1. Please report Phe412, Phe92 as a ranked list, fewest other C-beta atoms within 10 angstrom at the top and most at the bottom.
2. Using only C-alpha atoms and all pairs of different ones, pull out the Kirkwood radius for the range 133-178 in Å with one decimal.
3. Quickly rank 79-86, 417-424, 263-270, 142-149 as a protection proxy: mean count of other C-beta atoms within 10 Å, highest first.
4. Could you tell me what a quarter of the Cα convex hull surface of the range 221-280 works out to, in nm² with one decimal place?
5. Rank the residues Phe176, Phe373 as a footprinting-exposure proxy: fewest other Cβ atoms within 10 Å of their Cβ go first.
6. Using only the alpha carbons of the chain, what is the convex hull's orientation-averaged projected area in square nanometres?
7. From the phi angles alone, apply the Karplus equation (6.51, -1.76, 1.60; θ = phi - 60°) to the range 443-450 and give each ³J(HN,Hα) in whole Hz, x where the residue is Gly or Pro.
8. Once Rh is set to the Kirkwood radius over Cα pairs, what Stokes-Einstein translational diffusion coefficient, in µm²/s, holds for the range 116-200 at a temperature of 10 °C and a viscosity of 1.306 mPa s?
Amino acid sequence: MAVSTVGSNALGLYLKIVSQNGVYSQLSENCAGWKNILKRKKSPGEGRERRYLLRSAFGSAAAAFVGVNGDVAYPNAHKATLAEALAYYKDFALTVEVERAVLARALGDMGKYGEPLAEEIKCKTIAMSRMLSAALYQDGTGVIGYISTVVIASGKLTIVLDTADSTNDRSHIGWFEYGDKIKFANTAGTAKDINTATHSYYAITAVDRENDTVTVASYTSAGVLVTIGSGDIDTLAAGNVIYRSGSTPIDLTAISSTTEYGTLTSAFVGFPTLFAADNRKIHNINMTGPIKGTQKDVGGLALDSQHFQQLVSLQKVAVGEGTYKWNSATMAPEVLDALVESRETDRRFTSIQDNKKGVAALGYVHGKDTLMFETDEFTPKKRSYVIPGGDVLQFFGSEFDWVRPEGGSKFFLKPSDGGHYRTVRAYMEGSGLLTCVHPQACGVLKNFTA
């Protein structure tokens, strides 16, 4: 039998409805990656570009053993080799918007859930910080996913992401946010859409991290849900790519060793390019020879202790023992879970607190350095990054801040044709440049299973 509420009684309407203060977020607010980059800030963004020099050879041929006779010549001179890096700043921005009527009524409502403007500002700054945190693990093309399979279910698109090692730098479930708008294209940059006249945009309605699956719905420009039918798909298929709605699809097939990743798109260039070893060009430098990241291909095997040992040994040989301190290895949470499980049989991993089951923290000792394993939801599942302390990674720029035209107020009315809407709007923006001045010091474990 159904239970009646007290409000169904004859005099129940005399009782008030109590609204609990505050808003309980159901979403992750993690943006540790961006906070860590801000700790590496060298100076505010200044000038139109930044240049720096990288030494790629000592001129070692000028040093040689010589005979003791007087007619023995000195070795020929060979100058050290320098390369000049040229980097450009990237801008980022956000918009805050709240209706005037909501603000006015909130001032006199003592039982409101929260301050609407303050809540919107908080949400947008979290969204921006998470976008910047995700960008650290992206290659600068703007691609956030490759499609493995796509089906229509309940009028929506259910997309399984390609998680192969070859696409891991451009395809990760952790880069998809609930409610975010996305778009599709083929690898040549041609847009892919549904054949429905009322369609305006796609929005993410579900994210299944365990199964690498994203569900998206179609909406009109007025935000009305559009049911996707079986005949509406415009050849959207495996191998197509996914961008955030503000990105411009590019021809990924045209990228070569002469393509400058720093100006390829408006997106930040992250670790996959800054630590690349495939001769791609970033900041006017081709990532090859002595100027490249230190990478270890695990060959599709399960990740274990020997791979961290081998990677850090390669890093130390490349840059010199004692040059830096290596104290952390960043990976996806799923990778750490697998390492915790492998610890049960592999005692070369070090538990900070050797509990009977599970660990408080896990790490690996390599000589005088102890790598603490840290998780980041934005790290792809087939990557682990070992970045030393010091000035290897450098950030030039600033945290995003309010836009104040001519030094005026940060809030103003949203303009309309010949007037203004009853809506308060504000903008925030920032600019920054992330550089790596010693790529070989930065290690990447790739192509493993967890």
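1. Lowest to highest Cβ neighbour count: Phe412, Phe92.
2. Final number for the Kirkwood radius of the range 133-178 is 11.4 Å.
3. Going by the mean number of other Cβ atoms within 10 Å, highest first, we get 142-149, 263-270, 79-86, 417-424.
4. For the Cα atoms of the range 221-280, the hull's average projected area reads 6.5 nm².
5. Least to most surrounded, the residues fall as Phe373, Phe176.
6. Quarter of the Cα hull surface area: 34.3 nm².
7. Computed from phi, the couplings for the range 443-450 are x, 10, 8, 9, 6, 10, 10, 10 Hz.
8. 106 µm²/s
Read the figures in this text as sums done on the coordinates, not as results from a lab. Note that the structure is a prediction, hence the values are computed from the model and not measured. Every residue, glycine as well, gets a Cβ built from its backbone with ideal geometry; the counts of neighbours run over all protein chains shown.
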